[in-house]
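Each reported figure results from applying straightforward, stated rules to the coordinates on display, with no laboratory input. Just so you know, these numbers come straight off a predicted model, no measurement behind them. Using ideal geometry, Cβ is built from the backbone for each residue, glycine included, and neighbour counts are taken over all protein chains shown.
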Amino acid sequence: MSLKITSKVENQTALLSIAGEVDMCSSPEARKEIAALVKKEIPRIVIDLSGVGYMDSSGVATLIEGLQMCNKYDGKLVVAGLRDNVREVFELTKLDKIFEIYEDAEAALTE
Amino acid sequence: MDEPIIKIRNLHTSYGKRKILKGIDLDVYPYETLVILGRSGCGKSTLLRHIVGLNQPDEGEIIVKGVNIVTASEDEKNEVLKKIGMLFQSGALFNSMTVGENVALPLLEHTPQDENIIKIMTRMKLGMVGLSGFEDFMPSQLSGGMKKRAALARAISMDPDILFCDEPSAGLDPIVAVGIDQLILNLQSAMRMTTVVVTHEMASVFIIADRICLLHEGEIKFLGTKEEMKQSNDPYVVQFLERRADEEHLDPDKYLHELVGEP
Ligand SMILES: Nc1ncnc2c1ncn2[C@@H]1O[C@H](COP(=O)(O)OP(=O)(O)OP(=O)(O)O)[C@@H](O)[C@H]1O
Ligand SMILES: [Mg+2]
């Protein structure tokens, strides 16, 4: 199963929209896209997860790695648009404590 | 009611000529915790081993998530098994590997994940079983309860949707045992798993079970909720609940003859 990922960069901010099920098979696709933005040291990366209906722990780990890489150059990686079950996964793994979470992409972009 | 996630029909199994399971019919429903009870040797582990496709039955169907494990091709079977976690009765950590390597192993073997991601996932799972910071320990450096936790972390490493636990709290002191039961319950609800637990501990049963299946000599003697079990009039169920030892029903003459080998 593969993900639908779009990425656009504007004013020092990247919006990465992911749609589909982020699981053990597909999460490397998301990782590749995040890595590309991190490599360019984009100051602010917004990951829109409103199209993600399911995320397993590999997806979560992928986001954690992205956050860590972003922190290394003092960039910021935030997530937005979590659906209920994805939000639960965040809470279960206490990620709601380490990620900035926004209602939707617009809120994250206008911040 | 939901469709069963596991459907077993007319399951017969044997080791050599010895019949072990004699016509098991059992449904397991999504997100429930089913506890399998029964005396030592009645076939509990055997039943689990068949459900996860480790053993081939003589007869019957075992349908897991719509796939008949008995007749499926290796590929079909593996696809289903990837999402099934198993905590073996023996714990079965690899002693030559660190705790972290043990948990990471299924991920390395079955997923295309990068090593760095696997490291993060491993730490997450160890955190979930209360073993944060122990990834570099060797199994021999852990207590019995910690070993079980580590084995549980490995069993859930692939985010299973069905978790089998064979006697998770056997051999642990009662307080540690309750901790393991509680952990299984927490993981079950947090990860939304269907859970099948084999145990001898009646205390555990009443903490964790939604339904109970009592096996006796390869057959299901009872299947139902805790309340239904307590109200059952079946003599075997009653005896099992009262944990009356066999010795109390012992016929002295018969026992003597057994010991001296005379009829
Ligand atoms: N690999 C095997 N080869 C031959 N016989 C076996 C094998 N494994 C188990 N048995 C026999 O099958 C019967 C059922 O064993 P099983 O391990 O399923 O019991 P159990 O209910 O899990 O017992 P316990 O509570 O002691 O773990 C036992 O009589 C056992 O001796
Ligand atoms: Mg057993």
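One table, with the values for the structure above:
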quantity: Difference of contour (0.36 nm per residue) and Cα-Cα distance, B:Asp25 to B:Lys226; calculated: 70.4 nm
quantity: Magnitude of the charge dipole, segment A:4-109, Cβ model with Lys/Arg +1 and Asp/Glu -1, debye to 20; calculated: 420 debye
quantity: Theoretical gain in end-to-end length, B:Lys254 to B:Asn68 [0.36 nm per residue, Cα-Cα removed]; calculated: 62.4 nm
quantity: Estimated dipole of chain B in Debye, rounded to 20 [Cβ of Lys and Arg +1, of Asp and Glu -1, Cα centre]; calculated: 400 debye
quantity: Unsatisfied cross-links (Cα-Cα over 24 Å) in the set B:Lys147/B:Lys226; B:Lys17/B:Lys147; B:Lys7/B:Lys148; B:Lys83/B:Lys148; A:Lys94/B:Lys125; calculated: B:Lys147/B:Lys226; B:Lys17/B:Lys147; B:Lys7/B:Lys148
quantity: Relative contact order (%) - chain B, alpha-carbon pairs under 8 angstrom, separation at least six; calculated: 23 percent
quantity: Value at 222 nm in deg cm²/dmol, rounded to 500, when DSSP H runs of n ≥ 4 in the protein assembly as shown each add -39,500 (n - 2.57); calculated: -11500 deg cm²/dmol
quantity: Amide hydrogen neighbours beyond the local backbone of A:Lys76, cut-off 5 Å, H modeled; calculated: A:Arg44, A:Ile45
quantity: Amide proton proximity set for B:Lys221, modelled H, under 5 Å, gap of 5+; calculated: B:Leu214, B:Leu215, B:His216
quantity: In order through segment A:75-81: 3J(HN,Hα) via Karplus (6.51 cos²θ - 1.76 cosθ + 1.60), integer Hz, x for Gly, Pro; calculated: x, 10, 10, 10, 10, 8, x
quantity: Rel. contact order, % - alpha carbon contacts under 8 angstrom, at least six apart, segment A:4-109; calculated: 27 percent
quantity: Dipole magnitude of the protein assembly as shown about its Cα centre (Cβ charges: Lys, Arg +1; Asp, Glu -1), debye to nearest 20; calculated: 660 debye
quantity: Residues A:Lys97 and B:Gln56, FRET efficiency given R0 of 56 Å [Cβ-Cβ distance, rounded to 0.05]; calculated: 0.75
quantity: Share, in percent, of DSSP beta bridges within segment A:4-109 that are antiparallel, nearest 5; calculated: 30 percent
quantity: Rounded to 10°, Cα long-axis angle of helix B:144-155 versus longest principal axis of chain B; calculated: 70 degrees
quantity: Relative packing of B:115-127, B:172-184, which averages over residues the other C-beta atoms within 10 Å, highest first; calculated: B:115-127, B:172-184
quantity: Antiparallel DSSP beta bridges within the protein assembly as shown, as percent of all bridges there, nearest 5; calculated: 45 percent
quantity: Straight-distance crosslink candidates among lysines, where the alpha carbon sits under 18 Å from A:Lys32 and sequence neighbours closer than 8 are dropped; calculated: A:Lys4, A:Lys8, A:Lys40, A:Lys72, A:Lys76, B:Lys119
quantity: Farthest toward positive dipole pole in chain B [+1 Lys/Arg, -1 Asp/Glu at C-beta], among B:Asn102, B:Leu241, B:Gly60; calculated: B:Asn102
quantity: Under the Karplus curve 6.51 cos²θ - 1.76 cosθ + 1.60, θ = phi - 60°, whole-Hz ³J(HN,Hα) for segment B:213-224, x wherever Gly or Pro sits; calculated: 10, 9, 9, 8, 6, x, 10, 7, 8, 7, 9, x
quantity: Within segment A:25-110, trypsin sites (Lys or Arg not before Pro) in DSSP loop having at most 13 other beta-carbon neighbours inside 10 Å; calculated: A:Lys40, A:Lys94
quantity: Charge-dipole axis of the protein assembly as shown as Lys and Arg at +1 and Asp and Glu at -1 on Cβ define it, positive-most pick from A:Ile34, A:Phe90, B:Met146; calculated: A:Ile34
quantity: Karplus (6.51, -1.76, 1.60) ³J(HN,Hα), θ = phi - 60°, over segment B:20-31, in Hz, Gly and Pro reported as x; calculated: 10, 9, 10, x, 8, 10, 8, 10, 10, 9, x, 6
